[in-house]
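The values are calculated or read from the model by the stated rules, or taken from the named source; none is laboratory data. Predicted, not measured: the structure shown is a model, and the values here were computed from it. Glycine also receives a Cβ, built like all others from the backbone with ideal geometry; neighbour counts cover every protein chain displayed.
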Amino acid sequence: MKFLSLLILLCVISCYASAQQNAASIKQQMSAIRKSTNWEDAAAAKKANEQIKELSKQLMMTGNPQGNQMPNQPKAEAEQAKKDAADDKMKLWNQVMKSAAGGEGADVFLAEPTREQIKDEYKKEESNKIKGKEVLEEMTFLCINMSSPTVQLLIDEMENYKSIKTLVITCGENGSPVDLESLISKAKNYPLQQLYIINFKSFVAKVPKAISNFQDLTYLALYNNKILRLPPEFGSLVSLKKLDVDMNPVDMLTPVINTMINLDTIGIAKTLITDAELSRIKQNLPNCKILIK
């Protein structure tokens, strides 16, 4: 009898150890996918998310190696029940993700404790995507979409990035409030070469003068805002090659751009630049291409 009890105990320990090993292996696979995926590639990101979703399901199934098997319940039925439970969790997860995308109030059908718990898990998952050491040190492109429901998570991490060369600050088609001063301050240590502040319409009437501190900046895009003038400090951006101020009510660029000796292209379509101002630009920057359409 003692031998039988010991044998059962050893089997239980063996099953638990096996499940723990499987769980560790699955977590390693998920980590490897996150590290190796080019998240800037939409197709690659979609494929990676599908793989991670499937591995998450497997991880749920390994969480309780004994499952909820009833006495005399066939092993196949127990395994199916465990799979069904994992599927239910994944369906609930997908439901939350869909609700989050639907905007405020879209997830009211969930019970409050469950909703808050899954929201926390969702935030942790999003945070894990942007906290990896390799990402923070090696990522060169960053997009801050102010219309995204999870944008604050990304903003909170901005100062931890080390190698951002292209920064895009944008929003949806209807514009959005934005604290540019704060965002530019958080990005102050980036080795920026390209900066986009686009599509904010009436929400952006001026841009921070601190942008002039990015001395390696070669491209500055400010189109589709309500910018009237560029700060005089921008005259120090001597590395700038391309400047886009299209779709802004700006009516004067000189003398700010006169010292931008490397400018080779300026976009001024749908602005209030007069013919007289256009002539001054051509006179001061004779080798610069001016795009008016």
**Q.** Selection from segment 172-185 of residues that are buried (at least 17 other Cβ atoms within 10 Å of the Cβ) and modelled with pLDDT of 95 or more
**A.** VAL178, LEU180, LEU183, ILE184
Q. Considering only residues of segment 117-156 that are part of a loop (DSSP other than H, G, I, E, B) and either within 20 Å of TYR190 (Cα to Cα) or β-branched (Val, Ile, Thr) (or both), which is modelled with the lowest pLDDT?
A. GLY132
(Q) Of everything in segment 202-223, what is under 22 Å from the mean Cα position of the chain (by Cα), of a type outside the set (A, V, I, L, M) and within 22 Å of ILE292 (Cα to Cα)? Give them in sequence order. (A) TYR219, TYR223
Q: Hey, can you tell me all the residues within segment 219-234 that are in a loop (DSSP other than H, G, I, E, B), among the aliphatic types (A, V, I, L, M) and closer than 20 Å to GLU173 by Cα?
A: LEU222, ILE227
Q) Any residue at all in segment 222-243 that is buried (at least 20 other Cβ atoms within 10 Å of the Cβ) and of a type in the set (D, E, K, R)? A) no
Q) Mind checking which pairs have a first residue in segment 157-171 that is closer than 13 Å to LYS186 by Cβ and free of Cβ contacts under 8 Å to residues at least 60 places away in the same chain and a second that is part of a strand (DSSP E or B) and among the polar types (S, T, N, Q), Cβ under 8 Å, 6 or more apart or different chains? A) LEU167/GLN194
Q: Report yes if some residue within segment 271-292 is crowded, with 20+ Cβ neighbours inside 10 Å, within 22 Å of ILE169 (Cα to Cα) and touching a Lys or Arg at 6+ places or on another chain (Cβ under 9 Å); otherwise report no.
A: no
Q. Among (1) under 30 Å from the mean Cα position of the chain (by Cα); (2) in a helix (DSSP H, G or I), which single condition is ARG280 missing?
A. (1)
Q.
For segment 183-212, which positions are under 15 Å from GLU159 (Cβ atoms) and in a helix (DSSP H, G or I)?
A. LEU183, ILE184, SER185, LYS186, ALA210
